[in-house]
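K.L.:
Quick one: this structure, given as structure tokens, is what I'll be asking you about.
Each reported figure results from applying straightforward, stated rules to the coordinates on display, with no laboratory input. This is a predicted model, so every value here is computed, not measured. Methodologically, a virtual Cβ is constructed for each residue, glycine included, from the backbone with ideal geometry; neighbour enumeration extends over all protein chains shown.
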Amino acid sequence: MKIDFHTHIFPDSILKSRESYFDKEPEFKMLYSSSSSKMVGASDLINVMDQDEVQLSVVFGFPWRDRKVAMQNNDYIMESVAKYPDRLKGFACFDTSWIGTEKELERCIRGGLCGVGELAFYLSGINDKAIEELEPIMEICLNSGNLPVMIHTNEPVGHKYPGKTPNTLEQIYALAQSFPKNRIVLAHWGGGILFYHLLKKETKSVLENIWYDTAASPFLYDSAIYKVAKEMGLIDKVLFGSDYPLLKPSRYYKDINASGISDIDKDKILGKNAMGLLGL
């Protein structure tokens, strides 16, 4: 069973007028102002899933600043999950700086969503304020069956691109330290923090409840990263995520097949690890 753990979908009202949101949503503008930045709805995602033999996708919207827009996007996620219950699982997404994010999260959980994400701190990085804002969200997720929480991370060095945040490895590590019981998924290979599992002291226990998704991997890492994850003993913590519509799932299969890992390990990355995290 192939599971894509990282996809974004939007309702028609946003798809048809993305430009109208740019003035009040600088993060959204940063990622989607280019005409090459594709946006899709649930039916388009299902079509690509069928083409690339993906049985289940985790869907979410965007961490909108505007509460009404975020609720609208979350409503669409809930509607899409209800329409395609065998194909989609949904996460709640919002800007963590709101007052009362707990109410929106609880509403989404009641509406059938099974996690939170992709939460992002595009302009600030994961600073102390961000971690403070995450506290009520993490508590609710922990008390609701330890629902997974996906956080946007990126490598703090290398080339620049839209959506690359000023997060540091120290910030990502502090995030893991702050919420040791929560099941946290770090998008985009955790910004490279996974390599620090090789340290002899402390890090293995601090990062014990961390998973890593592969979103944007063909743009960021050589295919060898999959084999490196295997050699580090982390193959059970890697989740296939395409970040569709950024890239189609099939683009990742090429790198996974070229990595030299076994078919058993491919199956773990492409679905079995996600099944365990989602309780399937």
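K.L.:
Mind giving me the nanometre distance, one decimal, between the label points for Lys204 and Leu15, set 7 Å out from Cα along Cα→Cβ?
P.N.:
Computed distance between label sites Lys204 and Leu15 equals 4.7 nm.
K.L.:
Could you tally the net charge around Asn209, taking each other residue with its Cβ under 10 Å from the Cβ of Asn209, Lys/Arg +1 and Asp/Glu -1?
P.N.:
Once all neighbours under 10 Å are counted, the net charge is +2.
K.L.:
Build a GNM of the chain with springs between Cα atoms under 10 Å: which of Phe240, Phe121, Phe219 gets the top mean-square fluctuation?
P.N.:
Phe219
K.L.:
Also: Please give the contour-minus-distance gain from Asn143 to Val228: 0.36 nm per residue of separation, less the Cα-Cα distance, rounded to one decimal in nm. Could you put the intermediate results ahead of the total?
P.N.:
Numbers: separation 85, 0.36 × 85 = 30.60 nm, distance 3.43 nm.
That works out to 27.2 nm of additional length.
K.L.:
Highest mean first, what order results for 200-208, 93-101, 153-161 on Cβ atoms within 10 Å?
P.N.:
93-101, 153-161, 200-208
K.L.:
May I pose another question? Return, for the Cα atoms of region 3-278, the radius of gyration and Dmax in Å, separated by a comma.
P.N.:
Calculated on Cα positions, Rg and Dmax stand at 17.3, 52 Å.
K.L.:
List the GluC sites (Glu not before Pro) within region 19-126 that fall in a DSSP loop (any state other than H, G, I, E or B) and whose Cβ has at most 12 other Cβ atoms within 10 Å.
P.N.:
Counting only loop positions with at most 12 other Cβ atoms within 10 Å, the GluC sites (Glu not before Pro) in region 19-126 are Glu53.
K.L.:
Quick one: which residues, 5 or more positions from Met150 or on another chain, have an amide H under 5 Å from its amide H? H modelled 1.01 Å from N in the peptide plane, none for Pro or chain starts.
P.N.:
Val116, Gly117, Leu119, Val185
K.L.:
Which residue, Leu134, Leu186, Leu119, tops the fluctuation ranking in a GNM of the chain built on C-alpha contacts under 10 Å?
P.N.:
Leu134
K.L.:
Then there's this: I want to check the label-to-label distance for Tyr196 and Met1. Put each point 7 Å from Cα in the C-beta direction and report it in nm to one decimal.
P.N.:
Taking the two extended label points, one gets 3.4 nm.
K.L.:
How much net charge surrounds Lys103 when only the other residues with a Cβ under 12 Å from the Cβ of Lys103 are counted, with Lys and Arg +1 and Asp and Glu -1? Show your work: numbers first, answer last.
P.N.:
Numbers: positive: Arg67, Arg107, Arg110; negative: Glu102, Glu104, Glu106.
Net of charged neighbours comes to 0.
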